[in-house]
Amino acid sequence: MINLDTGNTAFMLVATSLVMLMTPGLAFFYGGLVGRKNVLAIMIQSFVSMGWTTVLWFCFGYSLCFSGNYFGIIGDFQQIFLRGLNPADLHANGFPLLIFVAYQMMFAIITPALITGAFANRMHFKSYLVFLTIWLIFVYFPVCHMTWGPGGLFQQWGVLDFAGGTVVHTTAGFAALASVLFIGKRKTAEETPHNIPFVALGAALLWFGWYGFNAGSELAADKITALAFFNTDIAASFAAVTWLLLVWIFEKKPKFVGLLTGAVAGLVAITPAAGFVSLWAAPIIGIIAAVVCYLAVVLKNRLKFDDALDVWGVHGVGGVVGCICVGLFAAVSANPAGANGLFYGNPILLIKQTAVVLGVAFYAFIFSYAMLWLINKFQAARISETEELNGLDFALHGEAAYE
């Protein structure tokens with residue numbers, strides 16, 4: 001008999017609210033990075049996910065992720081429209097199950113929104129809505145089930161992902177790369193970022209919400225929650241300072257956007273590891289993330305990939321780095337529910353983590369590219385050059401952020 005735990009209930013309500021706040025934070029982060037004529041267009045792509053992903057999650061998304069199990073890859077339709085869920089039903093940790101449904105829904109909301117920074121200023125809104133729908137069904141829902149769902153394949157293999165390095169960041173980051181390569185470069189150059197205070201506001205909301213994202217993934221208020229919370233902040237801080245130093249050394253000025261981008265890279269990389277590694281590992285993960293992600297952005301620029309807001313370099317590469325770091329630094333002494341990594345005598349975990357995250361990256365890239373190709377056959381994925389020149393705010397939405 002599970003009894004209601006009011007402490008865990010209150011904590012999970014707060015954590016769910018924090019993760020919800022991350023999507024508007026992302027909208028401000030991206031909105032500040034684009035030009036003045038495309039602010040609303042990229043912000044609505046985040047906000048519409050809050051609405052449409054919720055509809056899909058209620059109808060069948062939760063069921064496909066967390067109800068039943070087909071071959072360890074996907075769930076079933078037993079709980080479509082949340083059928084059979086009662087407000088009195090409790091999670092194993094003593095909080096109402098509906099809070100778990102809402103908490104996981106917030107992860108599903110932000111993941112496709114992350115992709116939008118890659119194809120900023122170029123994609124039709126209608127095509128994006130189709131992309132959002134199909135991508136959730138065939139990429140996010142299966143990877144979520146395999147990682148966290150009952151009988152999921154990655155769970156059976158002993159792969160660890162505390163809060164979404166594979167599920168959220170790797171899938172979104174490599175889908176972003178696919179979208180960049182398919183849609184192509186922007187025709188018109190714009191002065192970006194147009195509003196760095198917006199970027200700072202968005203980064204602050206993301207950083208704040210990330211405590212719910214990572215610490216909340218323990219699904220209880222306990223010592224692992226505290227570990228995940230503190231690891232999150234430490235990794236982000238070390239990554240922010242490292243990226244700032246890299247920018248200062250190679251670009252000759254200590255840029256504010258560099259500091260903020262570094263913080264996000266650290267937050268991404270610590271996500272899969274937050275509750276599985278000791279405190280000493282978090283600074284190392286933050287530093288590694290900043291260096292590797294910075295180099296990924298440099299490589300992207302040299303290859304002339306028009307990933308407008310560095311989604312692949314920060315989220316895709318950062319997610320892969322974080323998952324591999326779990327295979328290096330995870331320790332049963334930090335979390336008995338986890339496993340030991342390479343530095344604690346278990347190279348097998350590193351092999352599993354690396355194989356799975358690279359496999360997920362490959363799948364997300366190939367499926368996303370193929371899906372965009374198919375969508376483009378029925379509805380132009382890319383806007384016209386005239387629309388791009390005029391700006392998407394007015395051309396697609398008939399609105400303007402500024403006079």
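The values are calculated or read from the model by the stated rules, or taken from the named source; none is laboratory data. Predicted model, so just to flag it, every value in this text is computed and none were measured. Every residue, glycine as well, gets a Cβ built from its backbone with ideal geometry; the counts of neighbours run over all protein chains shown. The protein model used for the area step is the full one, side chains on, heavy atoms only, and it has no ligands, DNA or RNA in it. Shrake-Rupley method; radii C 1.70, N 1.55, O 1.52, S 1.80 Å.
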(request) Return only the number of the condition from (1) assigned to a helix (DSSP H, G or I); (2) open to solvent by less than 20 Å² (accessible area, probe 1.4 Å); (3) at pLDDT below 95 that T386 does not satisfy. (result) (2)
(request) For residues that are assigned to a helix (DSSP H, G or I), open to solvent by 30 Å² or more (accessible area, probe 1.4 Å) and of a type outside the set (A, V, I, L, M), tally how many sit in segment 225-252. (result) 8
(message) So T261 ticks every box in (1) over 17 Å from the mean Cα position of the chain (by Cα); (2) at pLDDT 95 or above; (3) not small (G, A, S) but one. Which box is left unticked?
(response) (1)
(request) May I ask you to list the residues in segment 65-123 that are touching a Leu at 6+ places or on another chain (Cβ under 7 Å), over 19 Å from V167 (Cα atoms) and open to solvent by 10 Å² or more (accessible area, probe 1.4 Å)? (result) Q79, L85, P87, D89, L90, H91, N93, P96, L97, L98, I99, N121
(message) Looking at F365, F343 in this structure, which one is touching a residue at least 40 places away in the same chain (Cβ under 8 Å) and in a helix (DSSP H, G or I)?
(response) F365
(request) Sort out which residues of segment 173-224 are under 28 Å from R36 (Cβ atoms), open to solvent by less than 60 Å² (accessible area, probe 1.4 Å) and in a loop (DSSP other than H, G, I, E, B), and write them in order of number. (result) G184, T188, E190, P193, H194, N195
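This table checks each residue for (1) under 24 Å from F47 (Cα atoms); (2) surrounded by 13 or more Cβ atoms within 10 Å (Cβ to Cβ).
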| site | (1), (2) |
| --- | --- |
| I348 | no, yes |
| I351 | no, no |
| V356 | no, yes |
| S368 | yes, yes |
| M371 | yes, yes |
| N376 | yes, yes |
| N390 | yes, yes |
(request) Would you point out the residue of segment 2-40, among those that are among the hydrophobic types (A, V, I, L, M, F, W, C), open to solvent by 20 Å² or more (accessible area, probe 1.4 Å) and part of a loop (DSSP other than H, G, I, E, B), that is modelled with the highest pLDDT? (result) L4
